[in-house]
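Inspection log for the structure reproduced underneath, given as structure tokens.
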């Protein structure tokens with residue numbers, strides 16, 4: 001609004017001025033009411049980009065949405081109709097806080113397909129997506145100032161959850177084989193020497209979001225042992241485990257370690273995220289407190305959604321659907337890697353994932369990918385700058401590319417558009433000019 | 001297991017003994033990992049009774065489940081089928097953290113029917129039931145040790161949520177016209193004189209759960225003014241507002257106080273709880289932090305569920321359905337009040353609600369209703385002892401009866417069964433004998 005329009009505008013009625021003043025006063029008065037943790041709750045950088053990436057014409061390599069076109073939607077619709085018509089009195093009613101026994105039993109079968117063969121329905125807690133399980137775990141274990149260990153980089157949604165509880169997030173570096181045990185050990189020693197209370201290690205061992213890196217099987221037991229010896233729980237987040245391209249999922253850390261690992265799974269990537277159903281498999285001795293905390297947040301997970309998933313697991317070829325997803329994502333991953341190979345300038349490196357949704361690109365040291373996002377959008381492509389996936393405020397020379405939601409041709413086109421933006425950034429840096 | 005069977009039993013293999021020992025050690029080691037707040041997260045007494053009340057032959061006046069038989073289930077099934085078949089790519093995908101714009105707009109229309117005419121979709125945050133909105137509000141405003149004011153009695157689920165955040169819950173008594181303003185004022189003065197930081201008043205002004213009491217219209221503005229003057233927010237929880245038997249809902253406290261009241265609504269009572277969709281209408285200056293905290297817990301509310309509700313509000317006579325619910329609950333309430341009148345012994349008093357789900361029965365001072373629950377179950381009827389609805393550990397001479405979920409004849413029968421249990425308790429007390 002220009003100065004002119006302000007002057008020329010009609011005078012506000014006294015009532016409106018009064019209302020504006022009351023709002024301003026309330027805002028001022030209420031500032032002191034926020035909890036200390038409220039200041040730690042931030043907008044996710046991924047969400048920042050979410051709206052932009054919907055613009056027509058843009059190729060979005062930003063959002064890690066699964067690709068749902070291959071689902072049998074007509075048939076699923078019939079299933080939902082039948083559940084509501086025949087069992088609506090149950091499906092639309094409150095249910096148990098832990099989730100339905102049928103779905104918890106089926107979840108044990110899914111986990112068995114991943115290599116966890118001793119899971120019992122009693123120890124499964126169904127949650128509103130596995131995001132909610134992360135929230136519950138932090139609530140149950142973390143006092144403000146406690147330490148949570150994470151991989152560097154790690155899932156931005158988990159970082160947001162942890163920060164809301166005012167924990168100290170400490171990141172441990174990864175190499176191509178995932179979290180580095182020696183660094184984990186050193187970090188624990190360093191923090192415990194300072195008297196810090198470390199509650200858990202949060203890890204995404206398969207196709208880590210954002211890096212796509214997989215924790216090597218040989219390292220898995222060692223990581224659990226390090227944590228056990230230091231009395232630190234492991235929070236194993238495994239939404240992508242069954243999406244390993246070769247169809248042979250690696251055994252989760254939970255498989256051989258029933259007492260020390262809280263395992264989190266989700267239907268978001270192997271079926272559909274819009275139902276918001278995930279779960280935690282909790283060691284028996286921790287189950288009760290975990291469950292009560294979950295119930296205190298949402299009373300119960302949505303019954304209808306649980307029943308739709310139960311019917312899907314019972315009456316559909318859910319494993320065939322995972323094969324379909326796997327083939328689809330493998331094709332897209334290949335297109336992305338081929339595009340990077342073809343178009344990217346020298347000086348870049350990237351991961352070559354065995355599954356999941358993401359490739360992680362590393363630019364030369366000194367390049368900050370955050371200001372490149374605007375240039376990329378101008379060039380018609382969107383990515384997520386690497387800084388989003390770390391707790392630190394330092395600039396990052398990394399970026400995340402998602403191949404899950406976009407067809408192969410669009411991926412290739414997106415990479416083609418991105419290449420000159422990155423090339424220019426490298427050239428500018430090489431000339432010693434700061435952007 | 002007797003001593004004999006222990007001796008005679010086969011010896012456990014060394015491996016099994018090892019596993020049992022490892023579990024015990026882990027349980028012991030992990031005890032120190034729980035957060036301080038974890039100790040405050042308790043089983044809800046309502047949930048305790050939940051399983052028992054499913055026993056065949058029992059009349060359950062315990063659970064406040066809505067009665068869903070009057071919903072057009074066949075047609076709703078078709079609606080869900082159409083949404084999944086035609087819009088499944090949206091319905092089964094992640095959505096925005098605040099909820100869909102369509103549903104937020106419709107929610108503003110519902111609130112207009114209740115008397116809030118200035119609500120804007122931007123200030124609505126859709127949550128996983130209004131339980132989740134209570135959790136978010138506590139997260140955003142309360143540090144450990146802060147005070148939350150509640151009505152005495154109040155909703156057990158809210159108490160569980162508050163206690164999980166280690167707040168100090170302070171209850172203010174009600175009379176037949178609801179929360180007593182003078183007592184509220186005195187409590188605030190007393191607490192603030194002690195240097196306590198009071199963050200909000202949690203209130204259920206219409207047909208309070210568990211008491212069924214309604215806050216008189218003449219008191220509503222006064223309560224808000226008292227809170228505003230003390231810089232305390234009002235959390236107005238209004239799941240039953242539209243279920244006022246006479247069909248004329250009272251204006252919420254939020255209506256005339258857009259800056260000082262966070263208003264919470266729910267589809268659980270006016271449509272169906274199994275979808276787990278509620279909302280908060282948040283003052284503009286508090287909206288952003290509220291929304292981010294909600295997103296950090298669940299990413300987004302389930303898209304499918306929001307779309308089913310949007311279709312229901314768009315294509316069905318949802319107001320007619322509320323009329324149906326209202327008539328149904330009024331009939332049941334009448335049956336309960338008539339049963340109490342007919343069967344209950346002298347010395348009892350109970351509330352006469354104008355809507356909602358609950359009647360609150362007061363026994364003579366000195367009677368503890370908790371031990372009566374077992375006797376009532378033996379007599380074939382279940383209620384919730386009054387102690388569940390207060391923060392204190394004191395015995396309570398109150399009990400909650402829910403009329404929502406049971407047909408009139410069963411209500412009458414339940415009261416008939418309950419009467420001798422209460423009569424005996426009164427008689428024992430009159431004779432000066434402690435049970």
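The values are calculated or read from the model by the stated rules, or taken from the named source; none is laboratory data. The shown structure was predicted, so the numbers you read here are calculated from the model rather than taken from an experiment. Cβ atoms come from the backbone with ideal geometry, glycine included; neighbour counts cover every protein chain shown.
Numerical summary
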read-out: Residues of segment B:360-376 that turn out to be free of Cβ contacts under 8 Å to residues at least 40 places away in the same chain and more than 13 Å from residue B:387 (Cα to Cα), as a count; value: 2
read-out: Lone qualifier among B:389, B:358, B:383 - being out of contact with any strand residue (DSSP E or B) (no Cβ under 6 Å at 6 or more places or on another chain), closer than 17 Å to residue B:49 by Cβ and crowded, with 17+ Cβ neighbours inside 10 Å; value: B:389
read-out: Any hit, segment A:371-379, residues being buried (at least 19 other Cβ atoms within 10 Å of the Cβ), within 28 Å of residue A:161 (Cα to Cα) and not assigned by TED's automatic domain parsing to the domain that holds residue A:177; value: yes
read-out: Verdict on residue A:74 being assigned to a helix (DSSP H, G or I) and modelled with pLDDT of 90 or more; value: yes
read-out: Selection count where residues are surrounded by fewer than 24 Cβ atoms within 10 Å (Cβ to Cβ) and closer than 30 Å to residue A:277 by Cβ, scope segment B:120-154; value: 3
read-out: Residue, surrounded by the fewest Cβ atoms within 10 Å (Cβ to Cβ), within segment A:68-86, restricted to residues that are under 27 Å from the mean Cα position of the chain (by Cα) and at the interface with chain B (Cβ under 8 Å from one of its Cβ atoms); value: A:69
read-out: Of all residues making up segment B:131-149, the number that are within 27 Å of residue A:94 (Cα to Cα), out of contact with any helix residue (DSSP H, G or I) (no Cβ under 7 Å at 6 or more places or on another chain) and facing chain A (nearest Cβ under 7 Å); value: 0
read-out: Residue A:238 vs. criteria free of Cβ contacts under 8 Å to residues at least 24 places away in the same chain and touching a strand residue (DSSP E or B) at 6+ places or on another chain (Cβ under 9 Å); value: no
read-out: Residues of segment B:17-40 classified as more than 7 Å from chain A (Cβ to nearest Cβ) and either at pLDDT below 85 or under 27 Å from residue B:64 (Cα atoms) (or both), total; value: 6
read-out: Count - residues of segment A:246-300 that are at the interface with chain B (Cβ under 7 Å from one of its Cβ atoms), farther than 19 Å from residue B:22 by Cα and surrounded by fewer than 22 Cβ atoms within 10 Å (Cβ to Cβ); value: 1
read-out: Matching residues, segment B:397-435, being in a loop (DSSP other than H, G, I, E, B) and touching a residue at least 60 places away in the same chain (Cβ under 8 Å); value: B:403, B:404, B:405, B:406, B:407, B:435
read-out: Single condition residue B:89 does not satisfy, out of (1) assigned to a helix (DSSP H, G or I); (2) over 30 Å from residue A:30 (Cβ atoms); (3) more than 8 Å from every other protein chain (Cβ to nearest Cβ); value: (3)
read-out: Filter result for the condition that a residue is more than 25 Å from residue B:136 (Cα to Cα) and touching a strand residue (DSSP E or B) at 6+ places or on another chain (Cβ under 8 Å), over A:116, A:126; value: A:116
read-out: Residue check for residue B:339: within 28 Å of residue B:221 (Cβ to Cβ) and away from chain A (no Cβ under 14 Å); value: no
read-out: Boolean, residue A:248 is outside any helix (DSSP H, G or I) and without any contact (Cβ under 8 Å) to a residue 24 or more places away in the chain; value: yes
read-out: Any hit, segment B:41-51, residues being loosely packed, with under 14 Cβ neighbours inside 10 Å, within 11 Å of another protein chain (Cβ to nearest Cβ) and modelled with pLDDT of 75 or more; value: no
read-out: So residue A:136, is it in contact with a strand residue (DSSP E or B) (Cβ under 6 Å, 6 or more places away or on another chain) and on the phi < 0 side of the Ramachandran plot; value: no
read-out: Criterion violated by residue A:104 - all others in (1) more than 30 Å from the chain's Cα centre (by Cα); (2) at pLDDT 85 or above; (3) surrounded by 13 or more Cβ atoms within 10 Å (Cβ to Cβ) satisfied; value: (1)
read-out: Filter pass, residue B:65 being within 26 Å of the chain's Cα centre (by Cα), within 7 Å of another protein chain (Cβ to nearest Cβ) and touching a residue at least 24 places away in the same chain (Cβ under 8 Å); value: yes
